[in-house]
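Just so you know, all these numbers are worked out from the coordinates, no wet-lab data involved. Only a predicted model underlies this, so the values are computations on that prediction, with no experimental measurement involved. With ideal geometry, Cβ positions are generated from the backbone for all residues, glycine too; neighbour counts draw on all protein chains shown.
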Amino acid sequence: MAHTTQLQQYHNNFDYYDPAGMELEMERHRKRRKKWKEEVVDVPLRRDPLEVFGTDIMLKILSYLDARSVALSLLVSRAWHAVSSTDRLWASKNRIMKEDLCDHVWEFHFNKAAPDYWRNLDPYWKGTGRPMRRYFHPDGSQSADPGDKVWGGHECCYLTVTSIVGEDKIREHYVRINRWPRMSVSRKLDWSWELSNHLYSYSSIPDAGKEGGTGPLYDV
């Protein structure tokens, strides 16, 4: 009896088959599929540039970046850290050129080992104002602000000395002003420059807002 009832229901459904309704439903289905395909966004295949280009080409690419950008690339992965930390790449980032000297304003102060006479004229030690400033010029000269008590109006010229051995490894690198003691070159955590010896120190003023500037865009 149950079998007969199911058979009758099947025939009843068949008797009510509507070709026009079926065609309409199929058309709706096609429109839904078309809309779904239009909404699908193709996701491009992304690959690690280091895997694509290899170490040598990546070193070439990274060599065109500033020191801050290279430092950030150290954080990408272990493989990137291995490439981004090589001496071959960082040698040029730690080498100061005439353009680097001229591109920045420099703060100057005497160190503790300097004679008392000079430290007594230095606002850095006396706390009487902002640190003294020095300016390097493309013609090889150096100047100071008007009224600088230490400057005294004397003429100054500077030079950079670099000796390189092996694969771009720096053996000796310093800046000298007149015949005064040479200054070693280093970079701070914010990648600004520092020139120093036992008597005095120069620090480039952070100027990240300009092209080729140093220092962070935010407080550290």
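Miscellaneous remarks
- Subtracting the Cα-Cα distance of ASN111 and GLU172 from 0.36 nm times their residue separation leaves 19.7 nm of extension gain.
- Cut-off under 5 Å, modelled amide H: who pairs with ARG133 long-range: PHE108, ASP145
- 25 Å Cα cut-off, lysine pairs counted over the range 98-204 (separation 8 or more, or different chains): 8
- Cβ crowding within 10 Å averaged over residues, with 140-150, 190-200 ranked highest first: 190-200, 140-150
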